[in-house]
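> Have a look at the structure that comes next, please.
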């Protein structure tokens, strides 16, 4: 009897010491944590997670076409948009909706892509298997990558015992048409996932060239880096010492703009932002002429719809393709033009202006995307505030529960956060 009583006393003493020095303990259904007043509070794991849930879609008059109901929104493409929807642990589920807000694709199908890339191990040691994956069709062809795997014995696992492992023996790449027929094996690894204007950069050995939709090499592999074709030109790079320098070639491989730029952005509306070796920056045209020189305190976005937006420490505004300032705005941040409207953030929220700088949709949204196919995803302040009120009620419930359940407990240590009121798992 005395032995049991002594064991209980020793256990209680060790518990107090452990709680004092460790602070936070994990139970099967919640977390015990030491507060700044040295009391012990219990926070259940199962409190519901309240997401924003206030995203909807508006038209160019600022009227809701799809009422606020989503956790996040994205731009429409081909009449469809991917949004986040759900509550609690499912708050990040993706669904695809149409322009009326109807669900057209469930969460488990949104990831898309070809399921053939799932790895299936060879049945026996030293045997091989091919894992194929088909890319997106463009210009009537797609790229099929085939990875060869071999099952071999190896060391690994938590116990360090001999077990089979998969060994990657390399990849091969093929062009296929829409019927699934193989056109030709590519001579190297594609740089990028699809064709652009009928040409695709591929790495052959250590250099990059370009193949056409028949798989034939039409621009010799001689570059160290390359982007995709746009408007008949493509940016390519050659290493110059430790710094790659960029220039442009046409579809015949002829140099149009010499390799003299250290950084660049792709052409938009026949303007590209570049940096020269002497650190001079600005926009060039497709002949390589510097048409707009950047001021030291000015940041330019890419051109869109013949207008580029700029930001300085004190002002924001728009310029035309000659660099002339169209208008200035008093705002916090400015986006790019899409479908004639530009998203602008002020201290009142996000709204949309036209190319004259006139407000078309007043700044009243917490967040907003660009317009796409006539619609923009927005998060309404009122909806967000309503959600915040719900969150405040839940926080009050948590605090009340903390005060009602100040009981110490014996469990293994898992997390130590001194000075915090609590820890929610």
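> Going by average Cβ density within 10 Å per residue, which order do the peptides 335-341, 181-187 take, highest to lowest? List each step's numbers first, then the result.
Working: 335-341: 17.4, 181-187: 13.9.
By packing density, highest mean first, the sequence is 335-341, 181-187.
> Shifting gears a bit: Modelling each spin label as a point 7 Å along the Cα-to-Cβ direction, I'd like the residue 333/residue 265 distance in nm, to one decimal.
Spacing of the two 7 Å Cα→Cβ label points: 1.5 nm.
> May I ask you to compute the full-extension gain from residue 320 to residue 148, defined as 0.36 nm times their residue separation minus their alpha-carbon distance, rounded to one decimal in nm? Numbers along the way, then the final one.
Working: separation 172, 0.36 × 172 = 61.92 nm, distance 5.24 nm.
Additional length available on full extension: 56.7 nm.
> PRE reach from residue 189 (point 7 Å along Cα→Cβ): which of region 208-236 fall under 19 Å by backbone N?
From region 208-236, the list is 208-211, 221-228.
> Calculate the spin-label point distance for residue 207 paired with residue 256, positioning each point 7 Å from the Cα along the beta-carbon direction, and give it in nanometres.
In this crude spin-label approximation the distance works out to 2.2 nm.
> So, one more: Going by average Cβ neighbours within 10 Å, how do the peptides 285-295, 364-374 rank, with the highest at the top? Walk me through the intermediate numbers first.
Working: 285-295: 14.2, 364-374: 19.1.
By packing density, highest mean first, the sequence is 364-374, 285-295.
> Which value, in Å³ per residue, describes the convex hull spanned by the Cα atoms of region 295-372? It would help to have the intermediate numbers written out before the result.
Numbers: hull volume 6.5 nm³, N = 78.
Cα convex hull per residue, to the nearest whole number: 83 Å³.
> Provide the FRET efficiency to the nearest 0.05 for the residue 286-residue 360 pair, computing r from the beta carbons and using R0 = 22 Å.
On the way: r = 32 Å, r/R0 = 1.46.
After rounding to 0.05, the efficiency reads 0.10.
> What FRET efficiency comes out for residue 313 versus residue 293 if R0 is 30 angstrom and r is the Cβ-Cβ distance? Round to the nearest 0.05. Before the final figure, lay out the partial values.
Numbers: r = 18 Å, r/R0 = 0.62.
Efficiency, rounded to the nearest 0.05: 0.95.
> Could I have the simple spin-label model distance between residue 278 and residue 399, label points 7 Å from Cα toward Cβ, reported in nm to one decimal?
6.3
Here, each number is a calculation from the coordinates, and none is a lab measurement. Bear in mind that the values here come from a model prediction, so they are computed numbers and not experimental data. Using ideal geometry, Cβ is built from the backbone for each residue, glycine included, and neighbour counts are taken over all protein chains shown.
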